[in-house]
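Novice: What follows is a single structure, and I will ask about it in a moment.
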Amino acid sequence: IGGSGLFGTLTGFGSLCVNGRRVELEEAAPVRVDGVEAEASALAVGQVLRIETDVVDGRWSARSVAVEHAVVGPVTAREDAGFRVMGQRVLWSAGDETVPAVGDRVAVSGLVRDDGAVVASRLDAAREDGPDLVRGIASSEGDAFRIGTTPVVFEDEAGARPVGGREVVSGRWDEAGRRLVAREREAAAALPLDARAFELEAYVRADAGGGLSVGGVPIARPGATTVLRVGDRVRVRLARPRQDAALRVEAIQRVREGALVRGIDRATRPPPVVPPVPRGRAERGAPDRPPTTRPPRPPKPPPINDVRRGSPGTGRPRPPAPPSMPPPPPPPHM
């Protein structure tokens, strides 16, 4: 049975901060961006990451990191709430001055809502020589095929496979036909099939049976359907009680979407990757430091009203006390 993992938005560094977890990135862990090998310096806050992890004694470490863009391609329209990339609707809250121009090639990071729109958490310029791609829920109606809100046609028999679930298709955008001509098509399930435990950030969707699901997993937690609605953004902890059992929801936390997206500092860059650390002090994140030797502390001065310093509150020497007088002799007896 598989290990554990995380899927969600990268919100900070120090380590990789995803879904409220801190995951250490060691130098042996491979990093890929849309399936292409990359350096750790390619990571940036706002990206959506899929991380395979090991958890030992409460310490999370990454075995691999994958950056998954929601859509990569040319901007085809600008709208009041954002813009469109190859027809895919993108919601962007960083301000009109940052909305790209029509024709710009961009790579959009974000999560896909139930209605197919991408709620963007990061926007980067895309390579001119790279493929166009879109990732999301596949749907079809007659001969029309879509990923999210992007119309797709296929060059070969790849389009003849059944439609269902989350997929990623890549190819080249046909501006004249206003469609993505796809050369490759792959399943892109939010959850790995063999995961033992997984933590997922996603939007609540309505499943075919009329219930609610997250990442394709039905929400079977008692009372969960009374507090969650379709379209809510949540973080879900899933676990498999045994090898032949299905993943089950253990905990659900609603995410304040506006606060999360506004709080992302998109200018933050990752720190250098650290080598593996031995157990002990360094494992807890505290670097080893040479011992320091402090000089001896001088004796504490006496209080200001002590007789060794003088009269109370003056700082002047106290005059010497007069010599003691002997007691007077007793009177004579009469």
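The values are calculated or read from the model by the stated rules, or taken from the named source; none is laboratory data. On a predicted model such as this, the values are computed, not experimentally measured, just so you know. As a convention, Cβ positions derive from the backbone with ideal geometry for all residues, glycine included, and neighbour counts pool all protein chains shown.
Novice: Take Leu260 and decide whether it is within 15 Å of the chain's Cα centre (by Cα) and either modelled with pLDDT of 60 or more or under 21 Å from Trp60 (Cβ atoms) (or both).
Specialist: When the stated conditions are applied, Leu260 passes them.
Novice: OK, next. Looking at the range 2-22, I want the residues that are within 14 Å of Val255 (Cβ to Cβ) and touching a residue at least 40 places away in the same chain (Cβ under 8 Å) and have a partner that is of a type in the set (Val, Ile, Thr) and not in a strand (DSSP E or B) with Cβ atoms under 8 Å, at least 6 apart or on another chain. Which pairs are those?
Specialist: Thr9/Ile264; Thr11/Val45; Thr11/Ile264
Novice: Determine whether the range 69-79 contains at least one residue that is outside any strand (DSSP E or B) and under 26 Å from Arg146 (Cα atoms).
Specialist: Yes - at least one qualifying residue is present in the range 69-79.
Novice: So, one more: Mind checking which pairs have a first residue in the range 242-253 that is of a type in the set (Lys, Arg) and a second that is at pLDDT below 75 and not in a strand (DSSP E or B), Cβ under 8 Å, 6 or more apart or different chains?
Specialist: Arg248/Ala220
Novice: Hey, another quick one. Against the conditions (1) free of Cβ contacts under 8 Å to residues at least 12 places away in the same chain; (2) more than 26 Å from the chain's Cα centre (by Cα), where does Phe154 fall short? Just the number, please.
Specialist: That leaves (1) as the condition not met.
Novice: Quick one: which of Gly82, Gly87, Gly3 is small (Gly, Ala, Ser) and closer than 28 Å to Ala246 by Cβ?
Specialist: Result of the check over Gly82, Gly87, Gly3: Gly3.
Novice: Taking the range 85-104 only, how many residues are charged (D, E, K, R) and buried (at least 19 other Cβ atoms within 10 Å of the Cβ)?
Specialist: Number satisfying all stated conditions: 1.
Novice: Conditions first: (1) in contact with a Ser or Thr (Cβ under 8 Å, 6 or more places away or on another chain); (2) in a loop (DSSP other than H, G, I, E, B). Ala28 passes all but one, so which condition is the exception?
Specialist: For Ala28, the exception is condition (1).
Novice: Kindly list the number of the only condition in (1) small (Gly, Ala, Ser); (2) surrounded by fewer than 17 Cβ atoms within 10 Å (Cβ to Cβ); (3) more than 20 Å from Phe7 (Cα to Cα) that fails for Gly165.
Specialist: The single condition Gly165 does not satisfy is (3).
Novice: For the range 51-68, which residues satisfy the criterion of being in a loop (DSSP other than H, G, I, E, B) and at pLDDT 90 or above?
Specialist: If the condition is that a residue be in a loop (DSSP other than H, G, I, E, B) and at pLDDT 90 or above, then Glu68 is the only one that fits.
Novice: Let me ask another. Output the residues belonging to the range 30-54 that are touching a residue at least 60 places away in the same chain (Cβ under 8 Å) and more than 21 Å from Glu167 (Cβ to Cβ).
Specialist: Result: Ala40, Ser41, Leu43, Ala44, Val45, Gly46.
Novice: Would you confirm whether any residue within the range 169-185 is within 27 Å of Arg254 (Cβ to Cβ) and either within 26 Å of the chain's Cα centre (by Cα) or modelled with pLDDT under 80 (or both)?
Specialist: no
Novice: Which members of the range 49-84 meet the condition of being among the acidic types (Asp, Glu) and closer than 30 Å to Thr98 by Cα?
Specialist: Glu68, Glu79, Asp80
Novice: Residue under question is Gly211, and the condition is that it be modelled with pLDDT under 90 and out of contact with any Phe, Trp or Tyr (no Cβ under 6 Å at 6 or more places or on another chain); does it hold?
Specialist: It is true that Gly211 is modelled with pLDDT under 90 and out of contact with any Phe, Trp or Tyr (no Cβ under 6 Å at 6 or more places or on another chain).
Novice: Which residues, counting only those in the range 79-88, are among the charged types (D, E, K, R) and either at pLDDT below 95 or in contact with a helix residue (DSSP H, G or I) (Cβ under 9 Å, 6 or more places away or on another chain) (or both)?
Specialist: The answer is Glu79, Asp80.
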